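Here the structure is laid out as structure tokens; the discussion comes afterwards.
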Amino acid sequence: MRYLAAATALAASLLFFAAPPAAALRHDVILGAGGEVYKLHLGYRSEIFPASSGSDTFLLALEVLHQDGSSDLMVVPDTDIGDDLESTAALIYEERSRTLFLVWDSRVNYIHSVLKLASFDGAQWSDAITVRGGWLTPRGTPQIAVTRDKYEVEIDAEPQVIHRTVLHLAWWEGSDDGEEVLYTPIILENGVYVGNHEVFSMASLEPAGAPGAPALLSEDLARAVSLRSGRDAETVMLGFVDSLTAQVRTVEIRPTPGPLSSVADGLRAQIIELGSLAAPGDDLQILATQIRREVELLSNRAHLNPGVRSYLAQQVYRLVAGTDPASLDPSALADAASNLVVELGNQLLGDRLVNVAGSLRAQIIELGDRTGGQEPPHIFALRVLSSRPAPITPAAPTSLFLSSDGREVLVAWQGEERLGYVESAGDGWSDEASLGLGPDGLDLGAALHILQQRAESR
């Protein structure tokens, strides 16, 4: 089975540390649920812990300021090892579990860096997870959004409730073809890392839309990434620039409801098994009828309501019955039917979005559980919300802001005395406008906050 249950996207607080000036909306401290304040320190041990002895390594430290006025200062695990140089750290506080998550880039040597993630529950740290490695790879500060959910699975014929937290990470990374935006979901089940994550390139998403002018794309704009909670409680949205096509794109990332994932996974296995028994040229009406019955049985076990069960069964029946018997490929048909269940089920169970490019098709990614348990893999549906040629912007720190539904984008860049910006308008962009900065205008943080509000109100 594959699972990714209907998730609850949390309004999570973000902190970006050692970020460029355009990230001025973010601060170097973050507030916890109990009023405690978390603050990152980056530097040499002798600077952060003046009374310490031993090797003077470069490290990350977390300071916790409590409500009673006391404080704790601790080294972030795995950051005080050898000559590693830590940088581009990001914090997020996950409200429901009252857990602090930290992701940072650790440069092992001149040519090798590793992106790591760890959590702190107020008492102890988790083991650090290696998210991404790379040789001679420049990398931006990761952005993080969190979804949480729970679902029920059968393990050894006994129902068990799984509480899952998904940390969605996105960042830019240098490549031979320019900047590339990468995405990965980090999955925790009952607080335990599932032991598997994959990194996906956003350059492979379809539909592509109208291309821009890569030669005119500024490096700063190509490195602008925005990841935020979605338009409802079940999604996150990612805004980025595809440097190969010079397009500004927005993508909705939706976890597939757990019961639906179990149906899709079971259906795939059944089609491969039953389809392998069919000979080329056989009448597929019999196979289609068998598969329809399997969909109904799987949907019943997953406790889907009768209307959803009937609709999914009928649509899968039509898909199988309409397949050319002479070119029957059970594996390909199984994938198509499984994806159809995910796509239609998402629409029926809450995904009412119509893609602006005119396509309802979502691209499916899945990750398996490699801890050795019986839990199913996890399914994510990615859908392009908008795609338009990138505007021409100067070489300056640049930020992206998304509208509440993810369809519209505001691009802002920082000048010496003004904060310039353009807004999406149809397939293009508005005329350039700006906000004054400095003593006679706004400070950078306030100006960026105004633009963020403007984007979200559209």
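Values in this text are rule-based calculations from the coordinates and carry no lab data. Quantities reported herein were computed from a predicted structural model and do not represent experimental measurements. Heads up, the Cβs are rebuilt from the backbone with ideal geometry, glycines too, and the neighbour counts pull from every protein chain shown.
For the peptides 259-272, 308-321, the ranking by mean Cβ contacts within 10 Å, running from highest to lowest, is 259-272, 308-321. Under 5 Å between amide hydrogens, built in the peptide plane, is the criterion, and for residue 196 it picks out 370 among residues at least 5 positions away or on other chains.
Each residue of region 284-291 is assigned a 3J(HN,Hα), and the resulting list reads 7, 4, 5, 4, 4, 5, 4, 5 Hz, derived from the Karplus form 6.51 cos²θ - 1.76 cosθ + 1.60 (θ = phi - 60°), x at Gly and Pro. In order along region 334-342, phi translates into HN-Hα couplings of 4, 5, 5, 5, 4, 5, 5, 4, 4 Hz, rounded to whole numbers, per the Karplus curve 6.51 cos²θ - 1.76 cosθ + 1.60 with θ = phi - 60° and x for Gly and Pro. Can you work out the FRET efficiency for the pair residue 458 and residue 279, with r the C-beta to C-beta distance and R0 = 51 Å, to the nearest 0.05? The pair residue 458/residue 279 has a calculated efficiency of 0.35. Between residue 121 and residue 161, the simple spin-label model (points 7 angstrom out along Cα→Cβ) gives 1.7 nm.
FRET efficiency for the residue 363 to residue 286 pair, using the beta carbon distance and R₀ = 25 Å, is estimated at 0.20. Label positions at residue 29 and residue 417, each projected 7 Å from the Cα along the C-beta direction, are separated by 3.4 nm. What residues have an amide H closer than 5 Å to that of residue 134, excluding those fewer than 5 places away on the same chain, when H is modeled at 1.01 Å from N in the peptide plane? Here the answer is 113, since their amide H atoms fall under 5 Å of that of residue 134. Sorting the segments 162-169, 72-79 by their residues' average number of neighbouring beta-carbon atoms within 10 angstrom, most packed first, yields 162-169, 72-79.
Where a ≥ b ≥ c are the square roots of the eigenvalues of the C-alpha gyration tensor, would you call region 390-458 rounded, which needs a/c under 1.5, or, failing that, prolate if a/b is larger than b/c, or oblate? Before the final figure, lay out the partial values.
Details: a/c = 2.27, a/b = 1.45, b/c = 1.56.
In terms of gyration-tensor shape, oblate.
Extent of region 260-348 along its three principal axes (Cα atoms, max minus min coordinate, largest first): 36, 20, 18 Å. Here each label is just a point 7 Å from Cα along the line to Cβ, and for residue 434 and residue 392 those points are 1.7 nm apart. Backbone phi angles across region 163-172, fed through the Karplus curve with coefficients 6.51, -1.76 and 1.60 (θ = phi - 60°), yield HN-Hα couplings of 9, 10, 10, 10, 9, 8, 10, 9, 7, 9 Hz in residue order; Gly and Pro are listed as x.
Go through 427-438, 118-129 and give me the packing order, highest mean Cβ count within 10 Å leading. List each step's numbers first, then the result.
Values: 427-438: 13.7, 118-129: 15.3.
Listed from highest to lowest mean packing, they are 118-129, 427-438.
Comparing Cα centroids, region 384-422 and region 235-287 end up 32 angstrom apart.
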